[in-house]
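For reference, the structure discussed in these notes is given below.
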Ligand code: CAA
């Protein structure tokens with residue numbers, strides 16, 4: 001790409017500028033027209049689209065603006081730059097009645113949010129999507145791609161920069177997760193565990209030393225993290241865990257027990273583990289520990305063969321007299337269950353975003369297909385039965401995205417978001433499953449074939465209805481909140 005200096009020089013009227021303009025002419029022109037017409041919210045929306053579409057949009061426009069001969073381009077550049085300088089949240093969704101104004105939500109995308117979306121999209125489309133079929137077929141762990149995501153700040157999006165992260169907000173996390181998941185769901189699973197399940201809890205409950213030691217390594221993409229809550233006999237009923245951490249006279253804990261379905265378990269360097277320190281106290285007898293998988297007493301079982309997200313490695317792990325030091329305790333003793341639940345609230349926003357990415361990929365493939373594929377003398381998209389499916393896919397996809405952004409926005413505002421995260425995850429995962437199902441149906445034989453990614457989307461979508469709380473658990477969380485009954 002040309003440098004700013006090169007592009008701004010008058011004596012180089014610039015093939016690059018013309019290439020740039022011809023590619024983005026429609027979108028820049030649309031922004032200019034809305035600005036000229038004084039239509040503020042439409043202008044904002046067009047500007048947002050332009051930033052999403054144009055790589056390095058703000059920088060390029062700053063270069064273009066000064067001497068460009070086309071007034072329309074100058075106006076558009078002004079509008080886009082004003083948008084980037086004063087990116088104000090755009091009130092597109094209000095979730096609650098006026099009696100609860102604090103639950104209202106407003107959002108638009110800032111330039112930073114659109115930039116991280118763009119970075120994620122480029123890596124997803126250029127590196128992840130082309131290799132997705134290989135990793136799905138072989139089940140290999142995509143370490144190089146994960147490191148690349150880490151180097152670009154995508155393994156610690158909400159992690160403050162002083163701990164090696166990107167220092168962004170939950171909305172940025174949603175936007176980036178959607179892009180990566182649209183490239184390949186398995187990559188986004190690994191990304192979501194590192195971001196939401198691993199870093200989140202340590203940032204909220206960890207000591208300064210724990211943040212420096214564990215969060216930095218994961219956020220920078222140098223190591224992989226995992227989260228160990230589920231056991232062979234306890235999934236949804238998480239408090240029924242049997243893994244024991246017995247406190248010794250010297251303050252250390254001796255840990256024994258098994259954990260199952262550990263995402264990234266086969267490759268994780270560090271794990272956030274939940275174990276019973278006081279079984280008589282039930283949920284209040286659970287504590288969280290930081291585990292170093294290089295230490296004695298930690299063992300990995302076989303990697304699980306899975307229906308989908310096959311490149312995300314999953315295994316059982318076992319502790320046999322593993323000794324945790326007093327400073328390996330995360331948060332206070334007995335607070336582990338609340339830490340796990342808080343972390344899962346955030347995690348559910350990540351899984352909702354993943355579901356949206358899978359659904360969007362299936363939807364976009366379907367849109368292209370129904371325009372091209374002909375039957376009975378016309379594109380199949382012209383048939384009302386197909387059109388109804390497309391309309392329903394679009395509605396479910398948009399609803400899922402808006403609900404997920406609402407949950408992320410509330411999290412960013414430090415408001416409670418447990419119910420909203422459950423609503424988002426439930427809606428998005430069921431939308432993904434439904435959309436992937438319709439996409440396969442519309443593609444018919446080609447949808448069933450491994451020559452196209454539709455069957456992979458279909459297999460990958462299913463897990464979003466299962467992990468980080470099944471759809472049944474999301475309904476339970478929502479209904480308990482709404483009724484006050486349990
Ligand atoms: N935030 C903070 N605290 C919470 C909370 C939340 N969201 N939800 C509950 N708590 C607290 C409660 O306030 C209560 O505290 P007190 O004892 O002080 O009153 C305590 O936790 C116990 O709460 P409940 O009585 O509501 O607990 P419960 O036994 O009825 O379980 C549940 C509630 C919602 C069903 C919960 O067990 C649950 O979410 N289960 C699903 C577990 C899950 O999602 N597993 C996924 C595994 S991880 C995974 O999939 C990762 C991966 O690999 C990708």
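Please treat every number below as a calculation from the coordinates, not as lab data. For clarity, every value in this text was computed on a predicted model and none was experimentally measured. Positions of Cβ are generated from backbone atoms using ideal geometry, with glycine treated the same way; all protein chains shown enter the neighbour counts.
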Per the Cα gyration tensor, the range 344-483 corresponds to an equivalent ellipsoid with semi-axes, largest first in Å, of 32, 14, 12
Specify the inter-centroid distance of the range 400-425 and the range 278-294, based on alpha-carbon positions, in whole Å.
28 Å
Go through 458-466, 470-478, 114-122 and give me the packing order, highest mean Cβ count within 10 Å leading.
458-466, 114-122, 470-478
Diffusion coefficient in µm²/s returned for the range 276-424 by Stokes-Einstein, Kirkwood Rh over C-alpha pairs, 37 °C and 0.692 mPa s, is 167 µm²/s
Quick one: grab the alpha carbon gyration tensor of the range 260-363, order the square roots of its eigenvalues as a ≥ b ≥ c, and give me rounded if a/c is under 1.5, else prolate or oblate depending on whether a/b is larger than b/c.
oblate
Place the peptides 273-279, 249-255, 440-446 in order of packing, highest mean first, counting for every residue the other Cβ atoms within 10 Å and averaging per peptide.
273-279, 440-446, 249-255
According to a simple spin-label model (label point 7 Å from Cα along Cα-to-Cβ), what is the distance in nm between residue 296 and residue 372?
6.1 nm
